[in-house]
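*Asks:* The structure that follows is given in the form of structure tokens.
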Amino acid sequence: MASDTDLPEKPLVGVLDAPFDSALSERYLVYALSTITARSLPDVRDGLKPVHRRLLWAMRLLRMAPGDAYKKSARVVGDVIGKYHPHGDQSVYDAMVRLAQDFALRYPLIDGQGNFGNIDGDNAAAYRYTEARLTQVAIDLMTGLDEDAVGYRPTYNGEDEEPELMPGPFPNLLANGASGIAVGMATSIPPHNAAELLDAAIAMIDDPRAADPLAFVQGPDFPTGGLVVDSAASIVEAYATGRGGFRVRARWHVEELGRGTWAAIVTEMPYGTPKNKLIEQIAALINDRKLPILADVRDESDAEVRVVLEPRSRTVDAGMLMESLFRLSDLEVRVPLNLNVLDAMRTPRVMSLKDALSAWIDHQFVVLRRKSQHRLAKIADRIELLDGYLVAYLNLDRVIEIIRAEDEPKPVMIAEFSLSDRQAEAILNMRLRSLRRLEEMELRGERAGLESEQAELTQLLGSDARQRTRLKRELGKIRDRYGPATRLGKRRTTIEEAAPALNIPPEAMIEREPITVILSQRGWIRAMKGHVEPSSAEALKFKEGDGPRFAFHAHTTDKLLLIAETGRFYTLGADKLPGGRGLGEPVRLMIDLDGDVPIIALMRAGDAERLLLVASDGRGFVLKIADAIAETRKGKAVMMPRAGSRLHVVRAVAADHDYVAAIGDNRKMLVFPLDEVAELAKGQGVQLQRYRDGGLSDAITFRFAQGLSWTMGGDSGRIRTEADLGPWRAARGAAGRMPPTGFPRDNRF
């Protein structure tokens, strides 16, 4: 076993003694920068990530132009991962598939043959089964690669070279969009209409500061169509900051089916939404009864999208149905905008729409100048050769003599005619049939044409105005190719602000079924299916020592008001009540109500528009039921009784009632106009009746012209009506007088 003295005094070569945290942070930073600059973020100048750029470059070298035959995708993937992109074949093929999907890219860069996936969300076939070639858009994007328009760099192994950018005058970044997640940042750029972008770019070339691209760019233009329903202000804000989002809806229309029936037909899907997933989502809403106004969904799509939505009945409002689906499903999605790209210095930053277009225009100016300089160099080389050819024609006999007599004719020709090495070599390589008179004339004509072009290019490079004119002309040609009159260039997405959202009642999301609500004396609540008689044997089942308190008919779409003695109102959804097969559940578990607080009322919220609330001390007010609806378990404090009193009476106020009758524990009754009672949303109210001893026993509203009725005692069930209530009529707050003869002894109306 080795001892400590056996260890080397110095660390081994290649081993660094460094803190682990700093070493880890340095390496993670390198990884993060690599992910940002070489994988996830597109370049603002050509809108491509490295993998896309390498795919197009490899396909160009494989001669896969639009007019050529399709070639296997496996061949492309093999070339890309073997020569340019040392990553997994599946990731490269996935990128290739997306470039070929006309529902993912507004202007596809690859023309695919075979199964490249579909809008349903199905995956593409393996690369050994599919074939591909470039589209005209890709050719336009790569225009200038042979003219030194961009720089080249060595590939990862140094054996080949690849372009750093694509130089073509097609605004690919904004036209096709991009998405990606890097380390600590992401990008999301929706596609736009190329003709609109080019119109904006041409305007910005003339006046880069004053031109507003939004005068030409309406908004995103998705390959799947649809509608962008944001306001103009929000769209302007998103493009000005480079951050925001767009609400995209499916396009639909109503199709009449005869006899008053109809169906909603979806013809265009929101961008990025798989059709099969959406249909499953809507079917789940139907099965879970979350949208009872929708009966069925069917997919009748072929080459065109056609999703049929059948309403539950012909009386359903189409706008309400679709508004509900927009809220509950992916028939409306939010497409984010995060214009985070690599600028000309390869630095990631978020740009506005105008900044991105300006950067692309600057790139096109650089390309124009590089192409012009490259052409000038080619012209100079050609003129040099032409001058040599003309020397040969003028001294043809002497040239032939030198070639025949000299073992090394090149040095002799260079010395005698003052030729360059290239000129002498070109003369020696001339064909004999070129030594005719006509050829000399053609050479002189070619030289004159080149000199004219050379002068024009020199003027171009020396004049910013000429460069602007030339670039506008080139962009105009591309704009005509993708103009709104063409099939590919026609705008597909409509930009229109959505109408104000419909107020969809919550009951529209609940299937309407009859129920019988039962609340026991101990606070156990249940909802029996159907309108059963509260006196039935099943309804009378309670725990030992318990019994019925409230029982009434309702529907699952109703809201129920539970009113506590403290004056707090609680709202219960009838559809959320426990079933009636058992004994129910304690209602206090559904709301925040203490166990020692009595419940004084349970009713349907739709039974009346107003309620009369009266405390035990005789103070009360009229309440609109709409003001009593609570959205939380805590309920809403409505009546606030004074110390020592409690909420005692809750009565529905009919629309035709005009008077109030109140009776106290002292058996004195008072009748006064309902108008004298304040209508409040919350509070203590006003004094309805005054008492020297005791408090309020009961109160009710009624129609004065019909008198006041009450049930006689005993089993007779007779009802007595007192038509003349003049003796009891007084102003609100009076003490009252003894009730009519025969009034119930319990002082209850």
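*Asks:* Give, as ranges by residue number, the residues of segment 511-528 whose backbone N falls under 17 Å from the point 7 Å along Cα→Cβ of LEU583.
*Replies:* What the label zone holds, given the 17 Å backbone N cut-off, is 518-528.
*Asks:* What is the calculated FRET efficiency for VAL254 to LYS529, with r their C-beta to C-beta distance and R₀ = 41 Å, to the nearest 0.05?
*Replies:* 0.75
*Asks:* Please compute the volume of the convex hull spanned by the alpha-carbon atoms of segment 512-607 and report it per residue in Å³. Working shown, then result.
*Replies:* Numbers: hull volume 8.5 nm³, N = 96.
With only Cα atoms used, segment 512-607 gives 89 Å³ per residue.
*Asks:* I'd like the Kirkwood hydrodynamic radius of segment 356-481, using the inverse of the mean 1/r over distinct C-alpha pairs, in Å. Each step should come with its number before you reach the end.
*Replies:* Values: mean 1/r = 0.0577 Å⁻¹.
Roughly 17.3 Å, rounded to one decimal.
*Asks:* Using Cα positions and a limit of under 20 Å, work out the aspartates and glutamates in reach of LYS541, with same-chain residues fewer than 8 apart set aside.
*Replies:* Once the sequence-local aspartates and glutamates are set aside, what remains near LYS541 is GLU533, GLU585.
*Asks:* With a 10 Å radius around each residue's Cβ, average the other Cβ atoms per peptide and rank 61-67, 492-498, highest first.
*Replies:* Result, highest mean first: 492-498, 61-67.
*Asks:* Can you grab the distance from the C-alpha centre of segment 158-183 to the C-alpha centre of segment 297-358, Å, no decimals?
*Replies:* One Cα centre to the other: 26 Å.
*Asks:* Now, a different point. Tell me the relative contact order for segment 124-188 as a rounded percent, counting alpha carbon contacts under 8 Å between residues six or more apart.
*Replies:* In percent, rounded to a whole number, it is 26.
*Asks:* Distance in nm between label sites at LEU16 and ASP381, each 7 Å beyond Cα in the beta-carbon direction?
*Replies:* Taking the simple label geometry, LEU16 and ASP381 are separated by 4.5 nm.
*Asks:* Past the 28 angstrom mark, what percentage of all C-alpha to C-alpha distances in segment 229-368 do you count?
*Replies:* Value for segment 229-368: 39 percent of Cα pairs lie more than 28 Å apart.
*Asks:* Taking the number of other C-beta atoms within 10 Å as the exposure measure, put TYR691, TYR70, TYR570 in order starting with the fewest.
*Replies:* Taking fewest neighbouring Cβ atoms as first place, the list is TYR70, TYR691, TYR570.
*Asks:* So what is log10(I(q)/I(0)) for segment 299-439 at q = 0.19 1/Å, when the Debye sum runs over its Cα atoms only?
*Replies:* -1.10
*Asks:* What shape does segment 625-712 take by its C-alpha gyration tensor, where a ≥ b ≥ c are the square roots of the eigenvalues and a/c under 1.5 counts as rounded, a/b above b/c as prolate, and the rest as oblate?
*Replies:* Because a/c hits 1.5 or more and a/b fails to exceed b/c, segment 625-712 counts as oblate.
*Asks:* Which one of ALA380, SER616, ALA178 has its Cα pushed farthest toward the positive end of the charge dipole of the chain, where Lys and Arg give +1 and Asp and Glu give -1 at the Cβ?
*Replies:* In the chain, that residue is SER616.
*Asks:* Run through every distinct alpha carbon pair of segment 16-72 and return the Kirkwood hydrodynamic radius in angstroms, one decimal place.
*Replies:* Working: mean 1/r = 0.0694 Å⁻¹.
Kirkwood radius, segment 16-72: 14.4 Å.
*Asks:* Given contacts defined as C-alpha pairs under 8 Å and at least six residues apart, what's the relative contact order of segment 52-202, whole-number percent?
*Replies:* 21 percent
*Asks:* Contact order normalised by length for the chain, with contacts defined as Cα pairs under 8 Å and 6 or more residues apart; what percent is it?
*Replies:* 9 percent
*Asks:* I would also like to ask the following. Out of all Cα-Cα pairs in segment 196-282, roughly what percent, to the nearest whole number, are more than 17 Å apart?
*Replies:* For segment 196-282, the share of Cα pairs beyond 17 Å comes to 64 percent.
*Asks:* A follow-up question, please. Could I have the simple spin-label model distance between ASP658 and TYR129, label points 7 Å from Cα toward Cβ, reported in nm to one decimal?
*Replies:* Going from the ASP658 label point to the TYR129 one covers 8.2 nm.
*Asks:* While we're on this one: Compute the distance in nm between two label points, each set 7 Å from the Cα along the Cα-to-Cβ direction, one at SER709 and one at GLU679.
*Replies:* 2.7 nm
*Asks:* What aspartates and glutamates could a cross-link reach from LYS636, if we take a straight Cα to Cα line under 15 Å and drop same-chain neighbours fewer than 8 places away?
*Replies:* GLU565, ASP592, ASP594, ASP627
*Asks:* Can I ask one more? For every helix of n ≥ 4 consecutive DSSP H residues, a contribution of -39,500 (n - 2.57) applies; sum these over the chain, divide by its total residues, and give [θ] at 222 nm rounded to the nearest 500 deg cm²/dmol. Spell out each step's value before the answer.
*Replies:* Working: 16 runs with 218 residues, N = 749.
Using -39500 (n - 2.57) per qualifying helix, the result is -9500 deg cm²/dmol.
*Asks:* A further question follows. Beyond 18 Å, what percent of the Cα pairs of segment 251-330 remain?
*Replies:* 35 percent
*Asks:* From a point 7 Å beyond the Cα of THR267 in the direction of its Cβ, which residues of segment 207-227 have a backbone N at a distance under 18 Å?
*Replies:* Inside the label zone: 222-227.
*Asks:* Residues of segment 159-183 with amide nitrogen under 15 Å from the 7 Å Cα-to-Cβ point of ARG470?
*Replies:* Counting only backbone N, you get 169.
*Asks:* Based on alpha-carbon atoms only, what is the radius of gyration of the chain relative to the globular estimate 2.2 N^0.38 Å?
*Replies:* 1.58
*Asks:* Largest first and to the nearest Å, give the Cα extent of segment 559-626 along each principal axis.
*Replies:* 41, 28, 16
*Asks:* Taking the Cβ of each residue in ARG444, ARG54 as the centre, tally the other Cβ atoms inside 10 Å and list the residues starting with the fewest.
*Replies:* If I rank by nearby Cβ atoms, fewest first, I get ARG444, ARG54.
*Asks:* Going down the table (LYS275/LYS529; LYS275/LYS576; LYS529/LYS559; LYS277/LYS490; LYS49/LYS354), which pairs top 26 Å between alpha carbons?
*Replies:* Too far apart for the 26 Å limit: LYS275/LYS529; LYS275/LYS576; LYS277/LYS490.
*Asks:* On the first, second and third principal axes, largest extent first, how far apart are the outermost C-alpha atoms of segment 43-169 in Å?
*Replies:* 41, 30, 28
Every number here is computed from the coordinates shown, using simple stated rules; none is lab data. Everything numeric in this text was worked out from a predicted model, so none of it was measured. All Cβ positions, even for glycine, are placed from backbone atoms using ideal geometry, and neighbour counts span all protein chains on display.
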